[in-house]
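The values are calculated or read from the model by the stated rules, or taken from the named source; none is laboratory data. Being a predicted model, the structure only gives us computed values, none of them experimental. Neighbour counts are summed over all protein chains in view; Cβ atoms, including those assigned to glycine, are modelled from backbone coordinates with ideal geometry.
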């Protein structure tokens, strides 16, 4: 009898483990495979703008850390000027950390129904000390700016907020710019936030076998080539992760993977999206997986010449199509 009970318990554990893994890893659709397409004229122009913006932030401006506060302020000034050049009023949120006045920069794409809540897309513009931060995170800011450029012609049902965050690298937790922003948005302004995407390192890809690593326990479920973009969230954001991955796979010509995992897997929280989880907002990180593929992570060698602007242009097209559908719901 005890033998059969033990077998039953083990079977139950295996079943529950399988269900848990399915909840975390099962994503709709099929990831793009095969040769990447040649860029058309519109995509080539986008790739050049992305290259130029990364070069400005990570080359001309350079390290944007609390160690270089004047340069960090210059980066904020440049991003604000770019938003204004695109025709958007800029809402500035000033907060203070380490004796510095830091700025989050927000623009709003109006929706047909402001009562429908808002969707937030953000990217941090600061760096760690000693790094010019091309992939981390000039790449995310460049994609944010390219989406802002395109969003001028959108007429979404749901309003969209595009935000450049300060102080992601310097701290985390309540000191991050995104934490200040999320709290002000949800608590002080009383906005209903339908979801959030954080752009965290979007520019590095590799096709060689063995070029992609993973946190412990995850590597058995994904491929070993660093040729994809990842959508990463917690279990509370599972619906948003699945919806985003499914739509991206319908439209994009770039491989993609998704995971909605328990927060016990600490690596899923390593960007500004985690600030929104504290306010029960579904949120995910769009990422090339950072140090799990990029050996120049947080180094002085994270320079603009290492990024793949062709793939970044394909990524923007996929993100644009995905976001437009999310904003139509």
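Quick one: which of 319, 327 is modelled with pLDDT of 95 or more and crowded, with 24+ Cβ neighbours inside 10 Å?
Numbers: 327 fails: crowded, with 24+ Cβ neighbours inside 10 Å.
That would be 319, the only listed residue that is modelled with pLDDT of 95 or more and crowded, with 24+ Cβ neighbours inside 10 Å.
Return yes or no: is residue 130 closer than 24 Å to residue 100 by Cα and either touching a strand residue (DSSP E or B) at 6+ places or on another chain (Cβ under 7 Å) or buried (at least 23 other Cβ atoms within 10 Å of the Cβ) (or both)? Step through it out loud before you land on a result.
Details: closer than 24 Å to residue 100 by Cα: yes; either touching a strand residue (DSSP E or B) at 6+ places or on another chain (Cβ under 7 Å) or buried (at least 23 other Cβ atoms within 10 Å of the Cβ) (or both): no.
So residue 130 fails the test.
Taking the conditions exactly as written (out of contact with any helix residue (DSSP H, G or I) (no Cβ under 9 Å at 6 or more places or on another chain) and surrounded by fewer than 19 Cβ atoms within 10 Å (Cβ to Cβ)), does residue 101 satisfy them or not? Steps first, please.
Working: out of contact with any helix residue (DSSP H, G or I) (no Cβ under 9 Å at 6 or more places or on another chain): no; surrounded by fewer than 19 Cβ atoms within 10 Å (Cβ to Cβ): yes.
When the stated conditions are applied, residue 101 does not pass them.
Among what's in segment 299-329 and is part of a loop (DSSP other than H, G, I, E, B) and touching a helix residue (DSSP H, G or I) at 6+ places or on another chain (Cβ under 7 Å), pick the residue that is farthest from residue 257 (Cα to Cα).
Filtering segment 299-329 down to residues part of a loop (DSSP other than H, G, I, E, B) leaves 299-303, 307-308, 327-329.
Those still in the list that are touching a helix residue (DSSP H, G or I) at 6+ places or on another chain (Cβ under 7 Å) too: 302-303, 307.
Working: 302: 24, 303: 26, 307: 20 Å.
Residue satisfying both the conditions and the ranking: 303.
Can you find even one residue in segment 69-79 that is farther than 21 Å from residue 175 by Cβ and in contact (Cβ under 8 Å) with a residue 24 or more places away in the chain? Steps first, answer last, please.
Step one: filter segment 69-79 for residues farther than 21 Å from residue 175 by Cβ, giving 74, 77-78.
From what is left, the residues that are in contact (Cβ under 8 Å) with a residue 24 or more places away in the chain are none.
Within segment 69-79, not a single residue is farther than 21 Å from residue 175 by Cβ and in contact (Cβ under 8 Å) with a residue 24 or more places away in the chain.
Would you point out which residue out of 171, 226, 182 is at pLDDT below 95 and at negative phi? So that I can check it myself, show each step before the final result.
Values: 226 fails: at pLDDT below 95; 182 fails: at pLDDT below 95.
So the residue among 171, 226, 182 that is at pLDDT below 95 and at negative phi is 171.
Within segment 239-251, identify whether any single residue is assigned to a helix (DSSP H, G or I), surrounded by fewer than 21 Cβ atoms within 10 Å (Cβ to Cβ) and modelled with pLDDT under 95, and answer yes or no.
No, segment 239-251 contains no residue that is assigned to a helix (DSSP H, G or I), surrounded by fewer than 21 Cβ atoms within 10 Å (Cβ to Cβ) and modelled with pLDDT under 95.
Applying the selection to segment 33-71, what residues are modelled with pLDDT of 95 or more and in contact with a strand residue (DSSP E or B) (Cβ under 7 Å, 6 or more places away or on another chain)?
Selection gives 69 alone.
Return a yes/no flag: does segment 201-217 have any residue that is modelled with pLDDT of 95 or more and in contact with a strand residue (DSSP E or B) (Cβ under 8 Å, 6 or more places away or on another chain).
The first filter runs over segment 201-217 and keeps only residues modelled with pLDDT of 95 or more, leaving 201-214.
The next check asks that each one be in contact with a strand residue (DSSP E or B) (Cβ under 8 Å, 6 or more places away or on another chain); those that pass are 201-202.
Looking for residues that are modelled with pLDDT of 95 or more and in contact with a strand residue (DSSP E or B) (Cβ under 8 Å, 6 or more places away or on another chain), one finds at least one in segment 201-217, hence yes.
Counting only residues that are within 24 Å of residue 309 (Cβ to Cβ), over 23 Å from the mean Cα position of the chain (by Cα) and outside any helix (DSSP H, G or I), how many does segment 40-81 have?
Of the residues in that region, 1 qualify.
Take the residues of segment 252-289 that are in a helix (DSSP H, G or I) and in contact with a helix residue (DSSP H, G or I) (Cβ under 9 Å, 6 or more places away or on another chain): which is surrounded by the most Cβ atoms within 10 Å (Cβ to Cβ)? I'd like the intermediate steps shown before the answer.
Kept after step one, since they are in a helix (DSSP H, G or I), are these residues of segment 252-289: 266-269, 273-277.
Applying the additional criterion that residues be in contact with a helix residue (DSSP H, G or I) (Cβ under 9 Å, 6 or more places away or on another chain) yields 267-269, 273-277.
On the way: 267: 16, 268: 25, 269: 17, 273: 31, 274: 22, 275: 27, 276: 27, 277: 19.
This residue is 273.
Look at residue 144 and say whether it is in a helix (DSSP H, G or I), touching a residue at least 24 places away in the same chain (Cβ under 8 Å) and buried (at least 21 other Cβ atoms within 10 Å of the Cβ).
Working: in a helix (DSSP H, G or I): yes; touching a residue at least 24 places away in the same chain (Cβ under 8 Å): yes; buried (at least 21 other Cβ atoms within 10 Å of the Cβ): yes.
So residue 144 fits the description; yes.
Report yes if some residue within segment 170-192 is surrounded by 23 or more Cβ atoms within 10 Å (Cβ to Cβ) and assigned to a strand (DSSP E or B); otherwise report no.
Filtering segment 170-192 down to residues surrounded by 23 or more Cβ atoms within 10 Å (Cβ to Cβ) leaves 176-179, 181-182, 185.
Now drop any that are not assigned to a strand (DSSP E or B), which leaves none.
Checked segment 170-192: no residue is surrounded by 23 or more Cβ atoms within 10 Å (Cβ to Cβ) and assigned to a strand (DSSP E or B).
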